[in-house]
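Below is one structure, written out as structure tokens; the observations come after it.
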Amino acid sequence: MIELRSDTFTRPTPAMLQAMFSAPVGDDVFGEDPTVNELEDFAANLFGMEAALYCPSGTMTNQIAIKVHTRPGDEVICESQAHVYIYEGGGIAFNSSAQARTLPGIHGRITAEQVASAVNPEDVHKSHSTLVCLENTSNRGGGTCYNWDEMTAIRRVCDENGMSLHLDGARLFNALVAKSESPGQYGGLFNSISICLSKGLGAPVGSLLLGNKDFILQARRVRKVFGGGMRQAGFMAAAGLYSLKHNVERLQQDHNHALHLSQALQTCSWVAEVFPTETNIVIARVKPAGSAPAIAQQFKDAGVSLIAISPDQIRMVTHLDVSASDIEKTLEIIGQIKR
Ligand SMILES: *Cc1c(COP(=O)(O)O)cnc(C)c1O
């Protein structure tokens, strides 16, 4: 089966496993796991930020950030299909007793103008707008990337209104590669950044939260409360460290593969629209309406696993366990789908 459902299906390579087996470990809740400490220092340096925190998942890093940045009753501004809003189990309310102000974006991206007009004035009737969350790349947007200028404009709106700016960078490295940007640029723009090591970077588990020293000190406490303090986590952190050192540049291959799939889908009579493909996610709206599950089943019967993310949309995600020949086979199968 060719696995295009998600870039979370990757399995560690022998070299990554070797790095895991040979990692020195200690108790990370005591701050004594040398491999976790090395990973956190490596990532903080990479982004030019003061500190980092290793966590079990990207949901946890996002939710910890929201918890630290807000007080109960506050409002979090995000795009209407943001992962923090639609895919984290209502965590904004559950964990932080905060509420979301969702803005309709274009392929997952919102503008500084939209953010500015969503900020609440100081008024007893209104909730405090204290946090803006951006997602780069955007998952539901189809792996789209923000323009740098738009993010800096959003930063200005945050500064003018005393708001913090958090980045859900689950696939930030895909954006960095696609846009030729550097982690340091992002470190200087956001108050906090979450990155996933378990998506395109290919580690089996783990995410990092980055911020200044005071923020990470508070985040460490919240991680413990959320049950995310792990003991000899260095075995997993070693995989994360390996992925940051070896699996970033190769993301370009995944992007090339995704573009081939995207171009092939555009020629199909059963495809109404393909979202702009900038990184490793391809989303196509299919016709007739409602046929996405049936099309996904046809692909599955032919040996390609993908997801119907809505009744009208299929999604393919490329990653390091999808080879050039897997892409060739998938292109053939795309041509054979019948509606
Ligand atoms: C995958 C993902 C996350 C984190 O998900 P976990 O499964 O909890 O690691 C966060 N944001 C986006 C956009 C994602 O795609």
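Since every read-out is calculated from the coordinates, none of them should be taken as a lab result. Quick caveat: nothing in here was measured; it's all calculated off a predicted structure. Backbone-built Cβ (ideal geometry, glycine too); neighbour counts: all protein chains shown.
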Pop out the ³J(HN,Hα) list for region 66-79 in order, Karplus 6.51 cos²θ - 1.76 cosθ + 1.60 with θ = phi - 60°, rounded to Hz; leave Gly and Pro as x. 4, 4, 6, 7, 10, 10, x, x, 5, 10, 9, 8, 8, 6
Relative contact order (percent, whole number), region 1-82, Cα cutoff 8 Å, 6+ residue spacing: 12 percent
Give me the one-decimal nm value for the distance between modelled label points at Ala272 and Lys245, 7 Å along each residue's Cα-to-Cβ direction. 4.9 nm
DSSP-defined antiparallel bridges as percent of all bridges, region 7-246, nearest 5: 40 percent
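Direction-averaged shadow area of the convex hull around the Cα atoms of region 236-314, nm²? Walk me through the intermediate numbers first.
On the way: hull surface 25.9 nm².
Average projection, Cα convex hull of region 236-314: 6.5 nm².
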Here the residues of region 1-32 lying in the modelled label zone of Glu332, meaning backbone nitrogen under 15 Å from a point 7 Å along Cα-to-Cβ, are 1-2
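May I ask for the net charge around Trp148, where only other residues with Cβ less than 9 Å from the Cβ of Trp148 are counted and Lys, Arg are +1 while Asp, Glu are -1? Walk me through the numbers before you get to the answer.
Details: positive: Lys179; negative: Asp149, Glu150, Glu181.
Charge balance in the 9 Å sphere: -2.
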According to a simple spin-label model (label point 7 Å from Cα along Cα-to-Cβ), what is the distance in nm between Phe94 and Asp214? 3.1 nm
Can you list residues from other chains, or at least 5 along the same chain, whose modelled amide H is less than 5 Å from the amide H of Ser164? Leu131, Val132
Using the 10 angstrom Cβ neighbour count as an exposure proxy, how do Ser117, Ser207 rank, fewest first? Ser117, Ser207
Would you kindly work out the equivalent ellipsoid of region 7-246 from its C-alpha gyration tensor and give its semi-axes, the square roots of five times the eigenvalues, largest first in whole Å? 30, 19, 15
I'd like the GluC sites (Glu not before Pro) in region 44-106 restricted to DSSP loop residues with at most 12 other Cβ atoms within 10 Å, sorted by number. none
Computed lengthening from Asp27 to Lys287, 0.36 nm per intervening residue step minus Cα-Cα distance: 88.2 nm
Which whole-Hz ³J(HN,Hα) couplings does region 202-217 yield from phi under the Karplus relation 6.51 cos²θ - 1.76 cosθ + 1.60, θ = phi - 60°, glycine and proline marked x? x, 6, x, 6, x, 9, 10, 10, 10, x, 7, 4, 5, 4, 5, 4
Which ³J(HN,Hα) values in Hz, rounded to whole numbers, follow from the phi angles of region 249-263 under the Karplus curve 6.51 cos²θ - 1.76 cosθ + 1.60, where θ = phi - 60° and Gly and Pro get x? 4, 5, 4, 4, 4, 4, 5, 4, 4, 4, 5, 4, 5, 4, 5
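Mind checking region 29-97 for chymotrypsin sites (Phe, Trp or Tyr not before Pro) that DSSP puts in a loop (not H, G, I, E or B) and that have at most 16 other Cβ atoms within 10 Å?
Answer by residue number: Tyr87.
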Two pseudo-spin positions, 7 Å from Cα along C-beta at Asn45 and at Gln298, lie apart in nanometres by 5.2 nm
Strictly under 4.7 angstrom between C-beta atoms: which cysteines of the chain have no such partner? Cys55, Cys145, Cys158, Cys196, Cys268
Hits among lysines - C-alpha to C-alpha of Lys338 under 17 Å, sequence gap 8 or more where chains match: Lys287, Lys300, Lys329
